[in-house]
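K.L.:
What follows is a single structure, and I will ask about it in a moment.
Nothing in this text is a laboratory measurement; each read-out follows from the coordinates by a stated rule. Only a predicted model underlies this, so the values are computations on that prediction, with no experimental measurement involved. Quick reminder, even Gly has a Cβ in these numbers, built from the backbone with ideal geometry, and neighbours come from all protein chains shown.
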2 protein chains.
Amino acid sequence: MPTENPSNLEVKAQPSKPRITTKKLAALVSKKDGKAIQKIFIKVPDIDIAEAANTLTPTELIFIFRCVESKYTAEFFDELDQDAKENLVKAMTDKELVQIVNQQAADDVADTVGEMPANLAQKVLQAADKTMRKDINTLLNYKENTAGSIMTTEYLELLDTLNVDEAIDTARSRGREAETIYTIFVRDIQRQFVGTVDLDDLIFAKKDQTLHDIMNLDVVSCSTATDQEEVGQMFRRYDLNALAVLNDDNRLVGIITIDDAVDVMTQEATEDIEKMGAITPTRGESYLKTSATKMAFKCVPWLVILLVMGTLSSLVLSQFDDKIAAIPILASFLPVLMDGGGNSGGQTTTLMVRGLALKEFGPKNFGKVLWKEFRTALLTGLIVGAFAFIWFMMEQYTGIVTWKSDAGNPINIFAGNCWTWDFFQIAGLTSLVTAASLGLTILVAKVIAVCLPLGVAAMKKDPALMSEPLLTTVADVAALLIYFGLAELWIMPVINLV
Amino acid sequence: MPTENPSNLEVKAQPSKPRITTKKLAALVSKKDGKAIQKIFIKVPDIDIAEAANTLTPTELIFIFRCVESKYTAEFFDELDQDAKENLVKAMTDKELVQIVNQQAADDVADTVGEMPANLAQKVLQAADKTMRKDINTLLNYKENTAGSIMTTEYLELLDTLNVDEAIDTARSRGREAETIYTIFVRDIQRQFVGTVDLDDLIFAKKDQTLHDIMNLDVVSCSTATDQEEVGQMFRRYDLNALAVLNDDNRLVGIITIDDAVDVMTQEATEDIEKMGAITPTRGESYLKTSATKMAFKCVPWLVILLVMGTLSSLVLSQFDDKIAAIPILASFLPVLMDGGGNSGGQTTTLMVRGLALKEFGPKNFGKVLWKEFRTALLTGLIVGAFAFIWFMMEQYTGIVTWKSDAGNPINIFAGNCWTWDFFQIAGLTSLVTAASLGLTILVAKVIAVCLPLGVAAMKKDPALMSEPLLTTVADVAALLIYFGLAELWIMPVINLV
């Protein structure tokens, strides 16, 4: 739509429909309409523009970049995806690069550089000024998924003896470089981190009070080695805007801001979901951008592990194939029974993994959780078992599942009449065995599903990881043993009478 | 530990180990040591104290409450759990209640009142002053899970013609009542919402600039009816500190702050996880506080639905029980095959549901997603199928799974020698049929697993809800049809030769 007038852009955002499209941007570029492009940057959030700009050609991209007022360039660059960033870096002059790099936050540049090919990374690092280069190198050295790797080195740290007026003046003069000034970090004369001051408290305070008078003492902090999952939990629990990252000497070395914490929480939730779905975590990579081959290699390992563990089920079934041959109807109920065990155990695993991730409970609450889940499982098993009995009777009564068949043609031996001794004995007995097995399997699966994740968590491993496949296997085996055990006990003695 | 000296409390928080215990608090209360309790409130985050205080008796609780300096009471009260809050409300004098209620944010009081028995809710509402009471009633009327139900009515809204100095003065005088002053909302003379000003921009601005000069125009907003999931997505996408909630006339009626948005994102992730785990969502209720009966009733419905849908598998199996009777080894591989289909489909469902929740793609990308997943599935099916063939051969070679058995005693007809024609023909054929079925099932399951969630999403329903049980059922049926179809084609013609 090259004729569209960009001044008609709406002010209200509809997040599901970005208000600027690649087509529109490309049209403005081909018309060399720099004014219209600048107008877009005033009215549209940078992330929306960046999303539209990602698929432009490098030439179009650099044109837009050169139109943009300097106060927008840093954020716009940051919101682009990695490919677009690399194209821009290639196309930019050294002077442009110097400007863009030093306008950005060191942690953002470090993230970008970390994924770039060496020659481009080199070009970016050369453009960075001395302090920035040092910061980037420091950040790149922290282990992935630690507080150190997600923190920023640009913050406002003030001495606790400053008074309110001095603090506000300093915030005015030095705050622009900081990632946030809503939380001001306070140190004492020994450079020890002693507390924080919220900007609003600073504004509400009397002018002659010192930071020491008004700072919060009930602050939390983490170290550079703290796992990012724990960082997310701290933000959630303490409603933080920013978190202090300290070194071993209790000195501030970085801060983590809420927007980065939100990204971490999202990433951690995705990882837990993926692990529970038996996929190797994609680690924040976008689905559409990951190649099919890469995706397949994230799926294959778990399927192979599950296949190997499934051998146990085959082994058990193999022991009972004479029973199946004698009573083929047992095979008909196998999927329902095994799905029932896996599904009910899966419910409990889900609750456990999520509860552990949100720190609602931990391995130390094992007894309490097991007791609650045992009662839940007992009740669930009873209700589902009772329903299943009626359902299985119904299935046999209608001939959906039959006791005997003749060369693939099912024979409804009850011919729609359930008031016969045969029906009560044969259909009743098989339904009873299957329903009782289902109820018992639910009980066993749910109890195992408590023990596995909590056990894994007690060993300080990730409970999302091994719980599901292990559970499926154990629940399957339990279901088969219960099923054929009950069949042996209750059906086999009767079968010769039929 | 009644002898412990509370002045020894550490300043650094260890989020996994709350620094104050119920025991310690109870000991201080029994010693009537108000000073020590006050000291705790200075050094320990309120949430940690509230967690320790939740299980105290009402008398102990009210003692602590009466010790606390007034600036801590509101937050402390807010962090307590519902039972403790109700106990406190019962125990408080009317005067105390008036103070505590009017210190709080209207949205927090509305949340508390919404869950209280009528007589206590009445007592709280009577204590609220007129404006507060009106706000609470308004908030209570918004539908659950909408922006209206999570917003707060306490914000700073200024006229766009104010200059920077006037704005800072107003923030100083009126900002204390607002939930945040980090984002200041700007209206024009017609009370229309026109933009926002970040507090740091206000501080950095020149004193004679007006809010109109410095406000952000690229702002997003939502309406009171916007779903809270979408609110979470907007915070994530636009890195917001606070979001404007507008009515139909484009006037500001409330704001949502980042801490409430974080709670929403966590709750939405939990709900998705629970739905995928086939549990009726717990809606933010804590696991340990939900009764076993309630928990069972969240698990039973899905198990029953899955049981009923499983009928289809039973029906299919019932048609093939003559094949199982003739070739019992087919039954041995059933669990592996069916688990393989469910698991590989589950992987894709997981990716789809999470990708849809994070708006990485939508139903409009159906073709692109399907094509990617088709290639992934093809590759996954080939690799897993190839591995499975070798594995199944191995299982038969070692006698883990056997072709024939005699009254429950497996007979390894190959006696450890695989270089016979029999082994190649029988074991090779069954392994081939099972492995090929597994590979095909993976392909089919993954393709179905793309169609179901995207189809459900296209119908504007929640993709997490029905995808998993439907998928399991469809994948099971597909697996059985493929398996017995191939067995009919490839094994049956040979079987008479054995």
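K.L.:
Determine the alpha carbon to alpha carbon distance for each of B:LYS85/B:LYS123; A:LYS24/B:LYS460; B:LYS71/B:LYS123 and list only those over 20 Å.
P.N.:
Details: B:LYS85/B:LYS123 13 Å; A:LYS24/B:LYS460 28 Å; B:LYS71/B:LYS123 23 Å.
Violating the 20 Å limit, Cα to Cα: A:LYS24/B:LYS460; B:LYS71/B:LYS123.
K.L.:
Based on the Cα atoms of the protein assembly as shown, what semi-axes does the equivalent ellipsoid have, where each is the square root of 5 times one gyration tensor eigenvalue, given in whole Å with the largest first? Present the calculation step by step, with values, prior to reporting the outcome.
P.N.:
On the way: eigenvalues 654, 253, 134 Å².
The equivalent ellipsoid of the protein assembly as shown has semi-axes of 57, 36, 26 Å.
K.L.:
A further question follows. To the nearest 20 Debye, how big is the dipole of the protein assembly as shown about its Cα centre, given +1 on the beta carbon of each Lys and Arg and -1 on that of each Asp and Glu?
P.N.:
1220 debye
K.L.:
If you average the alpha carbon positions of the stretch B:432-463 and of the stretch B:192-225, how far apart do those two centres end up, in angstrom?
P.N.:
48 Å
K.L.:
Going by how many other beta carbons lie within 10 Å of each one, how would you line up A:ARG187, A:ARG174, fewest first?
P.N.:
A:ARG174, A:ARG187
K.L.:
Oh, and also: Which distances, in nm and shortest first, link the A:MET459 label point to the same label point in every other copy, taking 7 Å along Cα→Cβ?
P.N.:
4.3
K.L.:
Taking the Cα centre of the stretch B:288-495 as origin and charging only Cβ (+1 Lys, Arg; -1 Asp, Glu), how large is the dipole, in debye to the nearest 20?
P.N.:
Roughly 1180 debye, rounded to the nearest 20.
K.L.:
List the residues of the stretch A:258-282 whose backbone N lies under 18 Å from a point placed 7 Å from the Cα of A:LYS461 along the Cα-to-Cβ direction.
P.N.:
The answer is A:272-281.
K.L.:
In the structure shown, do any of A:LYS446/B:LYS372; B:LYS39/B:LYS294; B:LYS275/B:LYS368; A:LYS207/B:LYS90 have a Cα-Cα gap over 31 Å, and if so which?
P.N.:
A:LYS446/B:LYS372; B:LYS39/B:LYS294; A:LYS207/B:LYS90
K.L.:
With each label point set 7 Å from Cα along the Cα-Cβ vector, what nm distance links B:ARG375 and A:LYS143?
P.N.:
A separation of 3.6 nm, rounded to one decimal place.
K.L.:
Right, here's the next one. Averaged over its residues, how many other protein chain Cβ atoms are within 10 Å of peptide A:304-313's Cβ atoms?
P.N.:
Per-residue shielding by partner chains comes out at 6.
K.L.:
Report the gain in length on full extension from B:THR93 to B:GLU360: 0.36 nm times residue separation, minus Cα-Cα distance, nm rounded to one decimal.
P.N.:
Additional length available on full extension: 90.8 nm.
K.L.:
Mind sorting A:GLU96, A:GLU271 by how few other Cβ atoms lie within 10 Å of their own Cβ, fewest first?
P.N.:
The order, fewest Cβ neighbours first, is A:GLU96, A:GLU271.
K.L.:
Something else about it: Measuring label to label, 7 Å along Cα→Cβ, what does A:GLY485 give against each other copy in nm, shortest first?
P.N.:
3.8
K.L.:
Can I ask one more? So what's the angle, to the nearest 10 degrees on a 0 to 90 scale, between helix A:130-140 and the longest Cα principal axis of chain A?
P.N.:
That helix lies at roughly 10 degrees to the long axis.
K.L.:
Apply the Karplus parameterisation 6.51 cos²θ - 1.76 cosθ + 1.60, with θ equal to phi minus 60°, to every residue of the stretch A:234-239 and state each ³J(HN,Hα) to the nearest whole Hz, in sequence, with x for glycine and proline.
P.N.:
Each residue of the stretch A:234-239 in turn: 5, 4, 5, 6, 9, 6 Hz.
K.L.:
Right, something else. Give the long-range amide H neighbours of A:TYR155: residues separated by 5 or more places, or on another chain, with amide H under 5 Å away, using H modelled in the peptide plane at 1.01 Å from N.
P.N.:
Long-range HN contacts for A:TYR155: A:GLU179.
K.L.:
Ok, one more. When a/c reaches 1.5 or more, the comparison of a/b and b/c decides; with that in mind, is chain B rounded, prolate or oblate per its Cα gyration tensor?
P.N.:
prolate
K.L.:
Can you find, among B:ALA118, B:ILE448, B:ALA436, the residue sitting farthest towards the positive end of the charge dipole of the protein assembly as shown, where Lys and Arg contribute +1 and Asp and Glu -1 at Cβ?
P.N.:
After comparing all options, I get B:ALA436.
K.L.:
Quick check: pseudo-label points 7 Å beyond the Cα along Cα→Cβ at A:ASP165 and B:ASP263, how many nm apart are they?
P.N.:
With each label point 7 Å from Cα toward Cβ, the separation is 4.1 nm.
K.L.:
Explain nothing, just the number: relative contact order of chain A, from Cα pairs under 8 Å at least 6 residues apart, as a whole percent.
P.N.:
10 percent
K.L.:
What residue of chain B sits with its beta carbon nearest the rotation axis taking B to A, and at what distance in whole Å?
P.N.:
So the chain B residue sitting closest to the axis is B:ALA269, 2.
K.L.:
Then there is this: Per residue of the stretch B:440-448, in order, report the coupling 6.51 cos²θ - 1.76 cosθ + 1.60 (Karplus, θ = phi - 60°) as ³J(HN,Hα) in whole Hz, putting x for Gly and Pro.
P.N.:
Per residue, the Karplus-derived 3J(HN,Hα) values read 5, 4, 4, 4, 5, 4, 5, 5, 4 Hz.
K.L.:
List the distances, in nm to one decimal, from the label point of B:LYS130 to the label points of the same position in every other copy, shortest first, placing each label point 7 Å from Cα along the Cα-to-Cβ direction.
P.N.:
6.6
K.L.:
Something else now. Arrange the following residues from fewest to most other Cβ atoms within 10 Å of their Cβ: A:PHE204, A:PHE361, B:PHE193.
P.N.:
Fewest-to-most ranking of A:PHE204, A:PHE361, B:PHE193: A:PHE204, A:PHE361, B:PHE193.
K.L.:
A further question follows. Report, by chain and number, residues whose modeled amide H sits under 5 Å from the one on A:SER221, excluding near sequence neighbours (fewer than 5 apart, same chain).
P.N.:
Those qualifying (amide H under 5 Å, at least 5 residues apart or on another chain) are B:ALA13.
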